[in-house]
Amino acid sequence: MRYFIVFICLLFCDLSLAQQDLSSLEALKKFRELRHKMNKNFPEDDIRTYRRASFTESQLQNYLSQHFQSMDLLPLIEGEYKLKTDSYLHSGNWFYNIGFAEQSINAYKDFFKYYKTHKKYLPINEKDHYIEMQNFAYSIMAENYAKLGKLDSAATTHLANINFSKMYEGIYYPSALNNYGLFFYWVKNDFNQALYYFNKAYEITQIKMPNHSLNGSIRDNIADIYYDQKEYELALPLYQKNFRFYETTPNVKTKRIDVTRLISAGNQLITTNIKLHNIDDANKTYKKLLQLIDTHNQNLAITSKLEFLKTKEMLLNAKGDIKEAYAISKNILKLSDSLNDVANKTDNKWVTELNNRIIDRVSLSFKIDQIQKENKIKRQRLKLWVFALIFSIIIILLASLFIRRRQHIINAKNKQLLAEKTLENTTLKVKQLNSEIKSRERDLSDFAINLSQNQEWIELLGHKIEALKEAGKKEKKQLLEELEQDIHNKVSFDTNTKDFFERLDKLSDLFYSKLGEKFPNLSKNDIRLCSLIRLKIDSRSIATLQNITLASLNTSRYRLRKKLKLSEDDDLDTFIQNL
């Protein structure tokens, strides 16, 4: 009784604490204040916000704190569906771009969950935008899973993206296929599967969007696989087409020539020509690429410069200019070391910082909650004592009633259990009787079929006897021997067939049980026919064993297909073999 009183007191305490949460308007106001502070130094539409190196240590601490606080406020805000949808999406994108896969996955899950239940409240003119964002989020989630080594989850997410994108026109479906191909190529090293999805995506884009930049990406992926497999003759025309494509086709979103992809396509074309010993062609492409680099030098990324230097070194080696190639290799090594040092330092700093910040946030939240609860409990202490006294009186009264009714409830429950047991036994007996009736009906059906077959044999025997009466002396002896042989064969066949089917029934007992469970309307002859098909006995032998013609066997097979509910495309023999 004491424990029950304590439970009621704690329940009232929890109710009083829950009533003091932030209202929707207060949460929205606080959310906007936090986002205003975050956007002041790192706006959402600024590329710096999505780069690790943009933040100092103190800026990162402040941004992460404000980010987590703002995300915790979203469930308290009523309405504002677009704001909350975009916030979950932004969180997933931001964590992905700075390299934190686990946090990005969780944010995207929140986005999908919220979008699924609230999409009807979002603006209609934003429909295409959110389709594109879902396609993007699926792809990034799958990539994050792959980074974490969760390959099954990555594959499942890719397939979910394919099924989702298939419903919409545009670039979404071929893009999802291409991303799944990259998963097999980069992660699983399954070139055949990768080529299958790349070719499928390429076929769609060539027909529906021949000038879309995705064509170049897919073509590049196919050529890379051929290159890795040392099938340089197959890779060369694809790289040539890509180099021309990126020279003239602007990116769909930026409306500009994609210099990075153009330089990469040129490098790939040069290296492939070198592999094929087409040094003159490689040299021509190199000179053209050098002109392009001079033209776009201001927009050229360091990684593109590094890639070009590696290609130049390879070409110099192929031409026999070892000294110049060595000088280039030292520049490559210096530039690569510089990039790796910066990346490693940034990675270590950010991973450590985020982990520490999350721990600090959890610890701080726990301390704040503890202090708030202690203060509120002190203010409610007097009320709790009053509630405890009132409930003590109530519990005493309830206890007396409880004791009196307890035995009555137990007796009623026992009666109910007895009635349920009786009903269960009755139901079981009815099921057994119904099963026995169906079994006897099937046996009767089989008996009728055998009787019909015997009747047909007797009629045939009668015709032969009539022929014997009308035959001459020479023919009569031969017909008499044939008639005697037929009778002997019939007797022998019935005996051997009965023995065969008895052995077949014993060996196929487990198969009969499974077949009977799945298809209870099958007759005994139907089940035996299934067993003979399962043993891969040809139709002529089955007809002989059942003492029927091939036409009758085909009729039996047709009736069996109907009972098994097979379509015209389903093969009866294959279906039975797979049971």
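Of LYS310, LYS287, all but one fail to be under 19 Å from TYR227 (Cα atoms), open to solvent by 80 Å² or more (accessible area, probe 1.4 Å) and part of a helix (DSSP H, G or I); the exception is LYS310. When restricted to residues that are closer than 23 Å to SER175 by Cβ, in contact (Cβ under 8 Å) with a residue 24 or more places away in the chain, outside any helix (DSSP H, G or I) and among the polar types (S, T, N, Q), segment 221-274 contains 2.
Scanning segment 202-233 for residues that are more than 28 Å from the chain's Cα centre (by Cα) and surrounded by fewer than 15 Cβ atoms within 10 Å (Cβ to Cβ) yields a total of 7. Within segment 244-298, the set of residues being of a type in the set (Asp, Glu) and within 20 Å of ASN221 (Cα to Cα) comprises GLU247, ASP258.
Only one of the listed residues (LYS119, LYS113) is basic (Lys, Arg) and loosely packed, with under 14 Cβ neighbours inside 10 Å. That residue is LYS113. Among the residues making up segment 84-110, those that are open to solvent by 10 Å² or more (accessible area, probe 1.4 Å) and outside any helix (DSSP H, G or I) are GLY99, PHE100. When residues in segment 542-564 are screened for being farther than 15 Å from PHE500 by Cα and either open to solvent by less than 80 Å² (accessible area, probe 1.4 Å) or among the β-branched types (Val, Ile, Thr) (or both), 13 of them pass. If I filter segment 144-167 down to residues being without any contact (Cβ under 8 Å) to a residue 24 or more places away in the chain and in a helix (DSSP H, G or I), which single residue comes out as surrounded by the fewest Cβ atoms within 10 Å (Cβ to Cβ)? Filtering segment 144-167 for residues that are without any contact (Cβ under 8 Å) to a residue 24 or more places away in the chain and in a helix (DSSP H, G or I), the one surrounded by the fewest Cβ atoms within 10 Å (Cβ to Cβ) comes out as ASP152. In summary, CYS13 fulfils each of the numbered conditions (1) modelled with pLDDT of 90 or more; (2) closer than 30 Å to LEU384 by Cβ with the single exception of condition (1).
Checking ARG404 against (1) exposed (fewer than 10 other Cβ atoms within 10 Å of the Cβ); (2) modelled with pLDDT of 80 or more; (3) within 57 Å of the chain's Cα centre (by Cα), only one condition comes out false. Which one? That leaves (3) as the condition not met.
Filter segment 184-201 down to the residues that are touching a residue at least 24 places away in the same chain (Cβ under 8 Å), among the hydroxyl-bearing types (Ser, Thr, Tyr) and open to solvent by 70 Å² or more (accessible area, probe 1.4 Å) and list them by number. Answer for segment 184-201, where residues must be touching a residue at least 24 places away in the same chain (Cβ under 8 Å), among the hydroxyl-bearing types (Ser, Thr, Tyr) and open to solvent by 70 Å² or more (accessible area, probe 1.4 Å): there is none. Counting just the residues of segment 251-264 that are over 11 Å from SER304 (Cα atoms) and among the aliphatic types (A, V, I, L, M), which one comes out nearest to the chain's Cα centre (by Cα)? Per the stated criteria, the residue is VAL252. Cβ-Cβ distances below 6 Å connect the following pairs, each with a first residue in segment 63-85 that is of a type outside the set (A, V, I, L, M, F, W, C), a second residue that is part of a helix (DSSP H, G or I) and surrounded by fewer than 16 Cβ atoms within 10 Å (Cβ to Cβ), and a separation of six or more residues or different chains: GLN66/LYS37; GLU78/SER24; TYR81/HIS118; TYR81/TYR121. Being at pLDDT 90 or above and more than 25 Å from GLU143 (Cα to Cα) is a property that holds for GLN69.
Inspection of segment 104-114 identifies no residue that is touching a residue at least 40 places away in the same chain (Cβ under 8 Å) and over 23 Å from TYR172 (Cα atoms). Exactly one residue out of TYR63, TYR50 is of a type in the set (Phe, Trp, Tyr), out of contact with any Ser or Thr (no Cβ under 9 Å at 6 or more places or on another chain), closer than 22 Å to TYR108 by Cβ and surrounded by 14 or more Cβ atoms within 10 Å (Cβ to Cβ): that is TYR50. Please pick out the residue among SER567, SER531, SER539 that is hydroxyl-bearing (Ser, Thr, Tyr), under 30 Å from LEU460 (Cα atoms), within 40 Å of the chain's Cα centre (by Cα) and open to solvent by less than 90 Å² (accessible area, probe 1.4 Å). Of the residues listed, the single one that is hydroxyl-bearing (Ser, Thr, Tyr), under 30 Å from LEU460 (Cα atoms), within 40 Å of the chain's Cα centre (by Cα) and open to solvent by less than 90 Å² (accessible area, probe 1.4 Å) is SER531. Only one of the listed residues (LEU335, LEU382) is modelled with pLDDT under 80, out of contact with any Phe, Trp or Tyr (no Cβ under 9 Å at 6 or more places or on another chain), open to solvent by less than 80 Å² (accessible area, probe 1.4 Å) and of a type in the set (A, V, I, L, M, F, W, C). That residue is LEU335.
Yes/no matrix, rows are residues, columns are (1) closer than 23 Å to ALA154 by Cβ; (2) among the basic types (Lys, Arg); (3) modelled with pLDDT of 90 or more; (4) more than 30 Å from the chain's Cα centre (by Cα):
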residue: SER58; (1), (2), (3), (4): no, no, no, yes
residue: SER87; (1), (2), (3), (4): no, no, yes, no
residue: SER91; (1), (2), (3), (4): yes, no, yes, no
residue: SER104; (1), (2), (3), (4): yes, no, yes, no
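Among the residues of segment 542-562, the one identified as of a type in the set (A, V, I, L, M) and under 40 Å from the mean Cα position of the chain (by Cα) is LEU560.
The values are calculated or read from the model by the stated rules, or taken from the named source; none is laboratory data. Just so it is clear, the structure is predicted and the values come from calculations on it, not from any experiment. Cβ coordinates were reconstructed from backbone atoms using ideal geometry, including for glycine residues, and neighbour counts include every protein chain displayed. Heavy atoms of the whole protein, side chains included, go into the accessibility calculation; ligands, DNA and RNA do not. Shrake-Rupley method; radii C 1.70, N 1.55, O 1.52, S 1.80 Å.
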